[in-house]
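Accompanying notes for the structure given below.
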Amino acid sequence: MTTQTKQVNIVPCLWFNKNAEEAANFYAKTFPNSRVTAVHKSPTDYPNGKAGDVLTVEFTVLGQPFVGLNGGPEFSFTEAVSFQVFTDTQEETDRYWNAIVKNGGQEIACSWCKDKFGLSWQIVPRVLMEAINDPDTASAKRVMEAMMQMVKIDIAKIEAARRG
């Protein structure tokens, strides 16, 4: 039994187009508390590969275990699933955002971006979530309106909108 399956009851499996190991290494390099924990090669030929090809990769991102499957081109990621990464500072927000976007990724809107593997991410400062859920509805409305104008979240602008 591998490290990830010993105590974890559910592990998301992500279908990649033959680049699961590259993706796992990218995520391990980008986020703290992240690492590749196992690379498994296929014992036999399969529809999109041959015996000896990397079939699955076990990895951890921000402490969350995942499995990457080299499934082939039949399926791709959509925005219907995304990973939210919560940040505490603008520097942290910028670091994650830039790592994803500047390495073949894409900016979307309102904290959303997509990595070069097609996986959607939301790089979300905690202050944004606090401000949107502020009991002061006028403040929350200003913050929401400010956020809707952003691509990458600017904490200073969120705080200014919250203050009015």
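The values are calculated or read from the model by the stated rules, or taken from the named source; none is laboratory data. These numbers were taken from a predicted model, which means no experiment stands behind them. So basically every Cβ, Gly included, is an ideal-geometry build from the backbone, and we count neighbours across all protein chains shown. Surface areas here come from the heavy atoms of the whole protein model, side chains and all, with no ligands, DNA or RNA. Shrake-Rupley method; radii C 1.70, N 1.55, O 1.52, S 1.80 Å.
Across the range 53-71, the qualifying residues are those that are small (Gly, Ala, Ser) and crowded, with 16+ Cβ neighbours inside 10 Å, and the one among them that is nearest to the chain's Cα centre (by Cα) is GLY68. Can you name the residue in the range 92-108 that is part of a helix (DSSP H, G or I) and open to solvent by less than 30 Å² (accessible area, probe 1.4 Å) and is also farthest from PHE26 (Cα to Cα) among such residues? Going through the qualifying residues, I end up with THR93. Taking the range 28-52 only, how many residues are open to solvent by less than 80 Å² (accessible area, probe 1.4 Å) and either within 20 Å of ASN103 (Cα to Cα) or of a type in the set (A, V, I, L, M) (or both)? Within the range 28-52, residues that are open to solvent by less than 80 Å² (accessible area, probe 1.4 Å) and either within 20 Å of ASN103 (Cα to Cα) or of a type in the set (A, V, I, L, M) (or both) number 9.
Okay, residues lined up against (1) at pLDDT 95 or above; (2) at negative phi; (3) in contact with a Pro (Cβ under 8 Å, 6 or more places away or on another chain):
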| residue | (1), (2), (3) |
| --- | --- |
| GLN4 | no, yes, yes |
| PHE16 | yes, yes, no |
| ALA20 | yes, yes, no |
| PHE31 | yes, yes, no |
| VAL36 | yes, yes, no |
| PHE77 | yes, yes, no |
| PHE83 | yes, yes, no |
| THR87 | yes, yes, yes |
| GLN106 | yes, yes, no |
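Is there a residue being under 29 Å from LYS18 (Cα atoms), open to solvent by 60 Å² or more (accessible area, probe 1.4 Å) and in a helix (DSSP H, G or I) anywhere in the range 109-118? No, because not a single residue in the range 109-118 is under 29 Å from LYS18 (Cα atoms), open to solvent by 60 Å² or more (accessible area, probe 1.4 Å) and in a helix (DSSP H, G or I).
Out of all the residues in the range 20-27, is one or more touching a Ser or Thr at 6+ places or on another chain (Cβ under 6 Å) and either surrounded by 14 or more Cβ atoms within 10 Å (Cβ to Cβ) or among the basic types (Lys, Arg) (or both)? Yes, that holds for at least one residue. Taking the numbered list (1) surrounded by fewer than 19 Cβ atoms within 10 Å (Cβ to Cβ); (2) closer than 30 Å to VAL11 by Cβ in turn, THR87 passes all entries but (1). Of all residue pairs spaced 6 or more apart or on separate chains, those with beta-carbon atoms under 6 Å, a first member in the range 137-164 that is in contact (Cβ under 8 Å) with a residue 60 or more places away in the chain and a second member that is open to solvent by 50 Å² or more (accessible area, probe 1.4 Å) are ILE155/GLN90. With the requirement that a residue be exposed (fewer than 14 other Cβ atoms within 10 Å of the Cβ) and under 14 Å from GLN90 (Cα atoms), what does the range 146-158 give you? Result: ALA156, single match.
Scanning the range 128-145 for residues that are within 15 Å of THR89 (Cα to Cα), hydrophobic (A, V, I, L, M, F, W, C) and open to solvent by 30 Å² or more (accessible area, probe 1.4 Å) turns up just one, MET129.
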